[in-house]
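Report on the following structure.
The values are calculated or read from the model by the stated rules, or taken from the named source; none is laboratory data. In this text the structure is predicted, and so the values were computed from the model without any measurement. Because the Cβ atoms are built from the backbone with ideal geometry, glycine has one as well, and the counts that use them run over all protein chains shown. Side chains included, ligands, DNA and RNA excluded: accessible areas come from the protein's heavy atoms. Shrake-Rupley method; radii C 1.70, N 1.55, O 1.52, S 1.80 Å.
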Amino acid sequence: MISAMAIRGSRTLVGAALVLAALLLGAACRSGEQAAASKPATPAARPSILLVTLDTTRADAIGPDAGGIETPAFNALAARATRFRQAYASVPETLPSHVTMLTGVFPATHTVHENARPIPATTEVAAERLRKAGYRTAAFVSSFILARQFGLARGFDAYDDALPQGSVERAARETTDAAIAYLSRPATQPLFLWVHYFDPHYPYTPPEPYRSRFPGKPYLGEVAAMDAQLGRLVAAFEQGVTGPAAIIVVGDHGEGLGDHGEALHGNLAYQSTMHVPLLVVGPGVTPCVNDTPVSTRRVFHTLVDWAGAPEPLSLRHPVTEVVVGEAMKPFLEYGWQPQVMAVSGRHKSILAGRVEIYDVVADPAETRDLAADDRTRPAVPTALRDYPVPSPAASRLPENLDEHARKALASLGYVSATAAAEVRKGAPRPADMVRVFDAIEKASGLFVAGQYAAAIPLLEKILAADPFNLDAALRLATAHSALGRDAKALEMFKRAAEISPTSPDVRTYLALHLARTSQWEQAVPMLEKVLADSPDRVPALEAFARLKERLLRMEEAVALRQRVYALRSPTAAELTELGELQMGLGQTGPAIDAFERSKALAPDRFGDDFELGLLYLDARRYADARDALDRVGPTHPEYPMALFKRAQVSVLLNEPDRAARIQRARQHADATTRQLIERERLFQGMR
Ligand SMILES: [Zn+2]
């Protein structure tokens, strides 16, 4: 492969030869060349735009320079694109990286440093801008991480996040089929179409023929399979839209694949995960390769610029800047050193406790740390030291995230701690902790799945490697507590309290533990304090509700449960329990509401028609009472009572068979209902 450096040296070639070289090989962009059309697009000339984001795609795994893989669809685009060979993600994690691309600002501004964190309502996303500018907007995403609930659906007329039943991801073929179906709809407005492919994300399971074509390299097989779908999508897009068309293809982050000891992504800030593919095709874009470092946040500015609002940060314009990025998960989740990077020219600096510097052009594998030698050390950009460090407490997983979402995130390998990490001097550097990455990911998955016995040895390993890891200590304590090992649990809670004497998480989880033991009454004042400090703490509210039930403070228990269910969706079983508690308190209307919601959620499992019948009768909803009581079968323990109540309803509804119903209630009466039937005024004179 002839490098761009070699081509750059051949400027003496005549123009025609240069164009040919550009088409065949991707010549270096001359200054300002990718910005041949620097005027703002007029409304008539505004292109329809296809944005394709490639999840988990390393820069060296796709395109003309990739080794060990052919990606013809990407390469065909590259031949007519400005291809950025030094493009960087802002965060090596899916949601934050996409939020940066679609808002144009860095995580310090949009505040999404990790998956599953909310995008502030005041932060504008590209789709909102383009819709306001008269675009149709549609998105097709392929992972639960980008599901509508996580906030990127804003501004899209259509947001297709449908996943196959029971799955947390969708294959590129299916996502492409859905996008192509959308493209066949007739329309006159320009279109902004975002398609997200997730295939190269772990686990690597390429479809045939790619599985066989890449023996032992299933990751590359996934990239190749995705590339084929990219080709279908681009062809359908260019045929499907009227008027000019523009295309951006960009990676959200790479994959470690063992580089620097990292298998997946998110914990380190090396090229394997920060360096991503990026190309731009569109009106006035010259085919060339650009080696200036760029941040993928400029995707936003490019979209807005194409839509008619001139943006100096559009990728159509040459901009020289220090490109920054972060990998804060180890800091936010385990309290390790905050980790940021800055790329200036060919030099990349990483700050995590100390500074490393690499020449990423000559040494893309980052094997020679130039910071080690004072005499030759390149200057470190001030942007590195000035990078704002977020707060672990502010980046907690939202309390209202439901169990399904927590489990889905864990199944995708996304760790989230039970506790806000303790920020500490002398904390480990993430790069020095690679030996426990695997244990952390596995332990988190097992813990969230409730497999505590299997999680314990892994958590012990983590705590041995990182003795001040609050999350590991608290999870160990909680795992022992769940297994009924109270002494072990208390020992670990003590350890957690030593790590973080002021942590509200330690107090919360200790209270939750005590609430499960014979000393549960000690938990009452502790939970009161926790909830005074953070009233929306769902696990504390749940535990407090259970304690109030044990104390027979039923009204308070019901009120607490209602607060919980306002913060997260209740299950059908929980709604049934709530309905029973409310029924016991004589809260007829709310009890009916709870039972009806339970029944709507799981009609096949609903077993409280008897209770519902009584409540309807109480609320004088006789027809509803009739239907509910008719569903109570002869095996129900309250069947005699159901027949008695049904006879009452029959009289109240003046049914023709009311006398027969009273007779039937008599025949099946037990000691209780026999007396009730004899005394029932409604039945008098009905013999
Ligand atoms: Zn991703």
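Taking residue 141, is it among the hydrophobic types (A, V, I, L, M, F, W, C), more than 16 Å from the ligand (Cβ to nearest atom) and open to solvent by less than 10 Å² (accessible area, probe 1.4 Å)?
On the way: among the hydrophobic types (A, V, I, L, M, F, W, C): yes; more than 16 Å from the ligand (Cβ to nearest atom): no; open to solvent by less than 10 Å² (accessible area, probe 1.4 Å): yes.
Criteria not met by residue 141.
Which of the residues spanning the stretch 479-519 are part of a helix (DSSP H, G or I), of a type in the set (Ser, Thr, Tyr) and open to solvent by 20 Å² or more (accessible area, probe 1.4 Å)?
509
Give the stretch 100-128 a look and list any residue that's out of contact with any Ser or Thr (no Cβ under 8 Å at 6 or more places or on another chain) and closer than 22 Å to residue 279 by Cβ, or say none.
Of everything in the stretch 100-128, those that are out of contact with any Ser or Thr (no Cβ under 8 Å at 6 or more places or on another chain) and closer than 22 Å to residue 279 by Cβ turn out to be 102, 104.
Taking the conditions exactly as written (away from the ligand (no atom under 16 Å from the Cβ), touching a residue at least 60 places away in the same chain (Cβ under 8 Å) and of a type in the set (D, E, K, R)), does residue 136 satisfy them or not?
Considered against the rule, which asks whether it is away from the ligand (no atom under 16 Å from the Cβ), touching a residue at least 60 places away in the same chain (Cβ under 8 Å) and of a type in the set (D, E, K, R), residue 136 comes out as no.
Can you name every residue in the stretch 386-413 that is at pLDDT below 90, more than 18 Å from residue 330 (Cβ to Cβ) and in a helix (DSSP H, G or I)?
403, 404, 405, 406, 407, 408, 411
Please determine, by comparing only the residues of the stretch 365-403 that are of a type in the set (S, T, N, Q) and open to solvent by 50 Å² or more (accessible area, probe 1.4 Å), which one is farthest from residue 347 (Cα to Cα).
Within the stretch 365-403, the match that is farthest from residue 347 (Cα to Cα) is 400.
Output the residues belonging to the stretch 52-97 that are of a type in the set (Gly, Ala, Ser), within 18 Å of residue 302 (Cβ to Cβ) and within 16 Å of the ligand (Cβ to nearest atom).
87, 89, 90, 97
Could you grab me the full set of residues in the stretch 575-601 that are of a type in the set (Asp, Glu) and in contact (Cβ under 8 Å) with a residue 24 or more places away in the chain?
Of the residues in the stretch 575-601, the ones of a type in the set (Asp, Glu) are 577, 580, 593, 596.
Once the filter is applied, which keeps residues that are of a type in the set (Asp, Glu) and in contact (Cβ under 8 Å) with a residue 24 or more places away in the chain, the stretch 575-601 yields only 580.
Pairs needed: first member in the stretch 85-112, under 18 Å from residue 271 (Cα atoms) and open to solvent by 10 Å² or more (accessible area, probe 1.4 Å); second member anywhere, outside any helix (DSSP H, G or I) and more than 14 Å from the ligand (Cβ to nearest atom); C-beta distance under 6 Å; at least 6 residues apart or different chains.
Every condition considered, the pairs that remain are 85/289; 85/291; 86/291; 86/293.
Quick one: which residue in 346, 297 is modelled with pLDDT of 95 or more, open to solvent by 10 Å² or more (accessible area, probe 1.4 Å) and touching a Ser or Thr at 6+ places or on another chain (Cβ under 8 Å)?
297
Looking at 388, 381, which one is out of contact with any Leu (no Cβ under 9 Å at 6 or more places or on another chain) and free of Cβ contacts under 8 Å to residues at least 60 places away in the same chain?
381
Inspect the stretch 592-614 for any residue being over 30 Å from residue 403 (Cβ atoms), open to solvent by less than 70 Å² (accessible area, probe 1.4 Å) and hydroxyl-bearing (Ser, Thr, Tyr) and give the result as yes or no.
No; the residues of the stretch 592-614 include none that is over 30 Å from residue 403 (Cβ atoms), open to solvent by less than 70 Å² (accessible area, probe 1.4 Å) and hydroxyl-bearing (Ser, Thr, Tyr).
Suppose the filter is of a type in the set (S, T, N, Q) and modelled with pLDDT of 90 or more; does residue 478 pass it?
For residue 478, the condition - of a type in the set (S, T, N, Q) and modelled with pLDDT of 90 or more - is met.
Looking only at strands (runs of 3 or more DSSP E) that lie completely in the stretch 155-272, which have at least 3 residues being touching a residue at least 24 places away in the same chain (Cβ under 8 Å)?
Result: 191-197, 245-251.
Does the stretch 609-630 contain at least one residue that is in contact with a Phe, Trp or Tyr (Cβ under 9 Å, 6 or more places away or on another chain) and at pLDDT below 95?
The answer is no, given that none of the residues of the stretch 609-630 is in contact with a Phe, Trp or Tyr (Cβ under 9 Å, 6 or more places away or on another chain) and at pLDDT below 95.
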